[in-house]
Amino acid sequence: MIVGIMKETRADENRVALAPAGVEVMRHHGHTILVEKGAGAASGFEDGAYIQMGAEIVATPEEILKRSEMIMRVRDPHPLEPGLPRDGQIYFAYLHLASSEQLCRALIQSGAVCIAYETIQKADRSLPLLKPMGEVAGPMAIHEGAKYLEMEHGGLGVLLGGVPGVDPGTVVILGGGIVGINAAKTACGLGAKVYLLDTNLDRLRYLSDVTPANCFLVYSSPATIRDLITKADLVVGAVLVPGARTPTLVTGDMLKTMKKGAVLVDVSIDQGGCFETSRETTHTNPTYAIDGVVHYAVSNMAGALPRTATVALTNATLPYAIEIANKGWKKAMQENREIKAGANVVKGKVTHEAVAHTFGLGYTPIDELL
Amino acid sequence: MIVGILKEIKAEENRVCMTPAGVEVMKQNGHTILVEEAAGAAIGYEDGTYAKMGAEMIARPEEVFERSDMVMHVKEPLPPEYDLIRKDQIVFTYLHLAAAEELTHALIRSGSICIAYETIQKVDRSLPLLTPMSEVAGRMATQQGAKYLEMAQGGLGVLLGGVPGVDPGTVVVIGGGVVGTNAAKMACGLGAKVYVLDKDLDRLRYLSDVMPANCFCLYSSPATLRDLMTRADVVIGAVLVPGAKAPKLITRDMLKIMKKGAVLVDVAIDQGGCFETSKATTHDNPIYVVDDVVHYCVANMPGALARTSTMALTNATLPYAVEIANKGWKRAMQENPEIKLGANVVRGKVTYEAVAEAFGLDYTPIDDVLNSI
């Protein structure tokens with residue numbers, strides 16, 4: 001199969017959909033890899049490195065779109081740009097269609113087979129192509145919190161780890177999933193007092209087994225949250241309800257009970273955020289303050305650390321890309337339910353129920369098409 | 001004794017030299033504490049809290065200087081304060097006189113007893129009133145490295161701890177003292193590969209005993225440095241040669257062998273910096289780029305984390321302040337050699353050799369002053 005790796009076009013997006021190491025593996029499987037010129041530059045992968053692994057460098061996105069049977073990309077195409085796939089082409093990327101009706105309709109019209117990274121799902125209901133980004137965003141949330149606690153940024157002026165003789169900071173993490181556990185590990189590594197909240201008791205038991213002694217596992221309830229945020233120097237929102245809007249766990253009123261200069265980092269901002277006062281920000285202008293509480297709500301946090309994020313993402317996507325390229329999309333979906341769950345829009349039909357629901361479009365189960 | 005706690009007037013300085021908890025202890029020792037209004041406000045110590053602990057709140061710094069037997073500060077006195085310092089008054093604060101000629105002359109003129117935090121020294125040659133700030137700065141240094149590795153800041157875009165399946169970042173810490181050890185602990189806690197370099201083999205042995213398994217303790221040599229520079233994502237300059245300028249361990253030429261987007265954090269900037277390309281920056285504008293390498297060289301790093309720094313500093317200064325106030329400066333110096341080493345300028349005489357040398361002034365050993373009383 002001819003697989004095209006396109007350069008990302010969004011601002012702040014420095015990742016690339018396939019690292020040179022992935023090109024080599026795809027080549028071993030007999031596929032032809034086209035890489036758009038400069039696609040990996042921001043992640044530290046020069047065109048030369050791709051060529052060495054056997055990729056063909058292609059100058060324009062139009063040519064990649066024309067020649068490829070499968071397009072891989074990190075982010076969704078802009079609905080108006082010439083990056084839209086064509087009839088019968090496989091489009092394998094993060095799509096987040098439920099948040100863009102325009103893109104959804106454009107993809108329906110294209111007739112392409114659109115497989116979304118974010119809805120590929122394992123039998124245990126985990127989302128293997130969202131995990132790596134959660135693993136990057138979790139630790140980053142603590143780095144951001146540590147930085148914005150500085151007084152010049154409106155922060156409290158507290159060192160999370162304390163020093164001998166001075167009480168360490170208190171970090172409250174809402175949600176014990178991938179983002180939450182990785183944030184907690186990092187905060188524990190800095191020496192903070194870390195409260196990790198979840199409503200799943202079995203998950204709390206597991207976390208209590210594997211996290212360090214300065215991580216306190218607490219069952220999440222409105223009362224617990226109300227109590228803990230008065231003590232918190234840093235609160236990390238790490239709640240993900242797959243396919244749905246994040247619940248609001250900290251209301252605007254509750255900010256008034258917090259320390260002035262405390263920092264909120266809302267990693268769940270991509271799904272709407274779990275603080276009522278969260279609104280999306282960017283890496284160039286990441287924070288704002290409400291009631292003296294510093295808010296950091298950058299969407300796509302992982303985009304700022306593309307060297308790590310690209311490798312992490314492509315480690316996870318590569319096996320699926322290989323399977324799709326080896327078998328073609330039909331057989332791949334028939335034989336691997338995880339890939340089938342990724343089907344969002346296929347040949348003009350919406351095959352993902354939540355997406356169809358969101359926009360009142362007709363839903364066609366993917367099995368009918370297969 | 002009447003002890004005056006002054007509000008800091010230096011830009012970006014949010015610390016205060018005594019907490020309400022410290023006031024309580026001073027009161028228990030029978031002293032009167034005057035606190036300038038709003039001295040602790042920036043970090044949440046309200047006037048009311050000081051008053052509750054028994055402090056008397058004073059509106060004007062002039063009155064604090066006028067009434068106090070000992071005044072305390074965090075940073076050195078600034079020009080508007082020079083003429084407020086009275087003869088025989090004890091001034092207990094960071095002074096860093098070897099880099100401040102005008103201040104040195106002002107203190108000589110004042111006839112006061114100037115005891116510098118930074119030269120108080122223990123028998124083991126450690127500097128107990130610098131240690132807490134080094135602890136804060138060291139821990140902060142790693143946090144700055146993590147932040148400025150982001151692409152939007154000009155960094156490489158590497159997560160120091162990596163993720164499962166992706167190699168962690170490499171942090172090189174030059175100097176295994178208080179700053180270096182604390183920077184390394186944080187970097188290890190994040191999950192990075194951490195190299196700590198020092199020239200003291202016994203120190204390396206100690207570090208190798210106490211640090212986690214992802215900390216590699218190496219003997220520092222130019223060859224080792226050159227090799228590690230090519231691999232480093234973050235380099236932390238943590239070299240302190242007491243009383244001297246920091247050696248320039250990383251030259252401008254060496255930047256060219258580094259990764260583009262690597263981050264240098266120069267904690268030694270207050271002593272001139274240990275990278276040739278370092279120049280002091282501020283928290284407002286902390287970084288600049290030379291040869292595609294991001295430089296973070298904020299002087300007085302702990303000032304940004306003023307709550308933690310204030311507590312850390314006052315935990316360390318309080319016992320000395322209590323001893324000086326209880327005994328008076330003469331007996332305190334006679335009985336405690338650590339305090340005696342803090343004497344920098346006493347009744348018009350320069351009693352600290354390095355300061356006298358720096359400005360070609362006469363040096364009077366403090367013992368001579370104490371014996372002549």
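The values are calculated or read from the model by the stated rules, or taken from the named source; none is laboratory data. What you see is a predicted model; the values in this text were computed from it and never measured. All Cβ positions, even for glycine, are placed from backbone atoms using ideal geometry, and neighbour counts span all protein chains on display.
Could you grab me the full set of residues in the range A:285-320 that are of a type in the set (D, E, K, R) and crowded, with 24+ Cβ neighbours inside 10 Å?
A:Arg307
Given (1) under 24 Å from A:Ala183 (Cβ atoms); (2) surrounded by 22 or more Cβ atoms within 10 Å (Cβ to Cβ), where does B:Pro164 come up short, assuming only one miss?
With (1) under 24 Å from A:Ala183 (Cβ atoms); (2) surrounded by 22 or more Cβ atoms within 10 Å (Cβ to Cβ) applied to B:Pro164, the lone miss is (2).
Regarding B:Gly360, is this residue surrounded by fewer than 20 Cβ atoms within 10 Å (Cβ to Cβ), out of contact with any helix residue (DSSP H, G or I) (no Cβ under 9 Å at 6 or more places or on another chain) and on the phi > 0 side of the Ramachandran plot?
yes
Determine if the range B:204-217 includes at least one residue that is in contact (Cβ under 8 Å) with a residue 24 or more places away in the chain and part of a helix (DSSP H, G or I).
There is at least one residue in the range B:204-217 that is in contact (Cβ under 8 Å) with a residue 24 or more places away in the chain and part of a helix (DSSP H, G or I).
Residue by residue, here is whether (1) of a type in the set (Lys, Arg); (2) part of a helix (DSSP H, G or I); (3) surrounded by fewer than 24 Cβ atoms within 10 Å (Cβ to Cβ) holds:
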| residue | (1), (2), (3) |
| --- | --- |
| B:Leu264 | no, no, no |
| B:Ser278 | no, no, yes |
| B:Ala304 | no, yes, no |
| B:Ser309 | no, yes, no |
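Residues are listed down the side, and each one gets a yes or a no for (1) touching a Gly at 6+ places or on another chain (Cβ under 6 Å); (2) among the charged types (D, E, K, R); (3) in contact (Cβ under 8 Å) with a residue 24 or more places away in the chain:
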{"position": "B:Val35", "(1), (2), (3)": "no, no, yes"}
{"position": "B:Gly48", "(1), (2), (3)": "no, no, no"}
{"position": "B:Met57", "(1), (2), (3)": "no, no, no"}
{"position": "B:Glu62", "(1), (2), (3)": "no, yes, no"}
{"position": "B:Met70", "(1), (2), (3)": "no, no, yes"}
{"position": "B:His73", "(1), (2), (3)": "no, no, yes"}
{"position": "B:Pro80", "(1), (2), (3)": "no, no, yes"}
{"position": "B:Leu84", "(1), (2), (3)": "no, no, no"}
{"position": "B:Phe92", "(1), (2), (3)": "no, no, yes"}
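Within the group A:Gly165, A:Gly161, A:Gly189, A:Gly169, which residue is at pLDDT below 95 and within 14 Å of chain B (Cβ to nearest Cβ)?
Answer to the check: A:Gly165.
Could we say that A:Glu152 is modelled with pLDDT under 95, assigned to a helix (DSSP H, G or I), surrounded by fewer than 23 Cβ atoms within 10 Å (Cβ to Cβ) and within 11 Å of chain B (Cβ to nearest Cβ) here?
Taking the combined requirement at face value, the residue satisfies it.
Considering only residues that are surrounded by fewer than 16 Cβ atoms within 10 Å (Cβ to Cβ) and either assigned to a helix (DSSP H, G or I) or polar (S, T, N, Q) (or both), which ones fall in the range A:67-104?
Result: A:Arg67, A:Ser99, A:Glu101, A:Gln102.
Of everything in the range B:132-186, what is of a type in the set (Gly, Ala, Ser) and part of a loop (DSSP other than H, G, I, E, B)? Give them in sequence order.
Listed by number, the residues that qualify are B:Gly154, B:Gly155, B:Gly157, B:Gly161, B:Gly162, B:Gly165, B:Gly169, B:Gly175, B:Gly176, B:Gly177.
Out of the residues in the range A:209-232 meeting the condition of being under 18 Å from A:Thr186 (Cβ atoms) and more than 25 Å from the chain's Cα centre (by Cα), tell me which one is surrounded by the most Cβ atoms within 10 Å (Cβ to Cβ). Spell out how you get there, then give the answer.
First, pick out the residues of the range A:209-232 that are under 18 Å from A:Thr186 (Cβ atoms): A:210-217, A:232.
Among the residues that remain, those that are also more than 25 Å from the chain's Cα centre (by Cα) are: A:212-214, A:216, A:232.
On the way: A:Pro212: 13, A:Ala213: 6, A:Asn214: 17, A:Phe216: 16, A:Ala232: 24.
The extreme case among them is A:Ala232.
Restricting the range B:120-148 to residues that are facing chain A (nearest Cβ under 7 Å) and out of contact with any Ser or Thr (no Cβ under 6 Å at 6 or more places or on another chain), which is farthest from B:Ala262 (Cα to Cα)?
Across the range B:120-148, the extreme among qualifying residues is B:Pro132.
Checking the structure you have, find out if any residue of the range A:37-45 is crowded, with 22+ Cβ neighbours inside 10 Å, within 23 Å of the chain's Cα centre (by Cα), away from chain B (no Cβ under 14 Å) and not hydroxyl-bearing (Ser, Thr, Tyr).
Yes, because at least one residue in the range A:37-45 is crowded, with 22+ Cβ neighbours inside 10 Å, within 23 Å of the chain's Cα centre (by Cα), away from chain B (no Cβ under 14 Å) and not hydroxyl-bearing (Ser, Thr, Tyr).
Just to be sure before I move on: is A:Leu127 part of a loop (DSSP other than H, G, I, E, B), in contact (Cβ under 8 Å) with a residue 12 or more places away in the chain and within 26 Å of B:Val166 (Cβ to Cβ) in the structure I sent?
yes
Under the condition of being farther than 30 Å from A:Gly22 by Cα and within 12 Å of chain A (Cβ to nearest Cβ), which residue from the range B:185-206 is farthest from the chain's Cα centre (by Cα)?
Residue satisfying both the conditions and the ranking: B:Gly189.
In the list A:Glu335, A:Glu280, A:Glu353, A:Glu323, which residue meets the criterion of being closer than 30 Å to A:Met258 by Cα, surrounded by fewer than 24 Cβ atoms within 10 Å (Cβ to Cβ) and not hydroxyl-bearing (Ser, Thr, Tyr)? Walk me through how you get there before you give the answer.
Details: A:Glu335 fails: closer than 30 Å to A:Met258 by Cα; A:Glu353 fails: closer than 30 Å to A:Met258 by Cα; A:Glu323 fails: closer than 30 Å to A:Met258 by Cα.
Criteria check complete, one pass: A:Glu280.
Quick one: in the range A:261-285, of everything that is at pLDDT below 95 and farther than 23 Å from B:Gln153 by Cα, which residue is nearest to the chain's Cα centre (by Cα)?
My answer is A:Gln271.
Restricting to the range A:115-146, give me the number of residues that are away from chain B (no Cβ under 11 Å) and either over 16 Å from the mean Cα position of the chain (by Cα) or over 25 Å from A:Ala289 (Cα atoms) (or both).
16
Which of the residues that make up the range A:11-30 are surrounded by fewer than 14 Cβ atoms within 10 Å (Cβ to Cβ) and more than 18 Å from A:Leu318 (Cα to Cα)?
Once the filter is applied, which keeps residues that are surrounded by fewer than 14 Cβ atoms within 10 Å (Cβ to Cβ) and more than 18 Å from A:Leu318 (Cα to Cα), the range A:11-30 yields only A:Ala11.
Tell me the strands (runs of 3 or more DSSP E) entirely within the range A:215-318 that contain at least 1 residues that are small (Gly, Ala, Ser) and in the same structural domain as A:Met151 (by TED's automatic domain parsing).
Here the list reads A:234-237, A:287-290.
Just one of A:Gly111, A:Gly145, A:Gly165 is out of contact with any Cys (no Cβ under 6 Å at 6 or more places or on another chain) and either of a type in the set (S, T, N, Q) or crowded, with 24+ Cβ neighbours inside 10 Å (or both); which is it?
After ruling out the rest, the residue left standing is A:Gly145.
Here are A:Ala112, A:Ala116, A:Ala213: which of them is touching a His at 6+ places or on another chain (Cβ under 9 Å) and among the aliphatic types (A, V, I, L, M)?
That would be A:Ala116, the only listed residue that is touching a His at 6+ places or on another chain (Cβ under 9 Å) and among the aliphatic types (A, V, I, L, M).
Is one or more of the residues making up the range B:231-244 assigned to a helix (DSSP H, G or I) and within 14 Å of chain A (Cβ to nearest Cβ)?
From the range B:231-244, those assigned to a helix (DSSP H, G or I) are none; that's our starting set.
The answer is no; no qualifying residue exists.
Give the number of residues within the range A:1-33 that are part of a loop (DSSP other than H, G, I, E, B) and within 14 Å of another protein chain (Cβ to nearest Cβ).
9
B:Met333 fails exactly one of the following numbered conditions: (1) crowded, with 23+ Cβ neighbours inside 10 Å; (2) more than 26 Å from B:Ala187 (Cβ to Cβ); (3) out of contact with any Lys or Arg (no Cβ under 9 Å at 6 or more places or on another chain). What is the number of that condition?
Only one criterion in (1) crowded, with 23+ Cβ neighbours inside 10 Å; (2) more than 26 Å from B:Ala187 (Cβ to Cβ); (3) out of contact with any Lys or Arg (no Cβ under 9 Å at 6 or more places or on another chain) is unmet by B:Met333, namely (3).
Considering only the range B:150-160, how many residues are at the interface with chain A (Cβ under 7 Å from one of its Cβ atoms) and crowded, with 24+ Cβ neighbours inside 10 Å?
5
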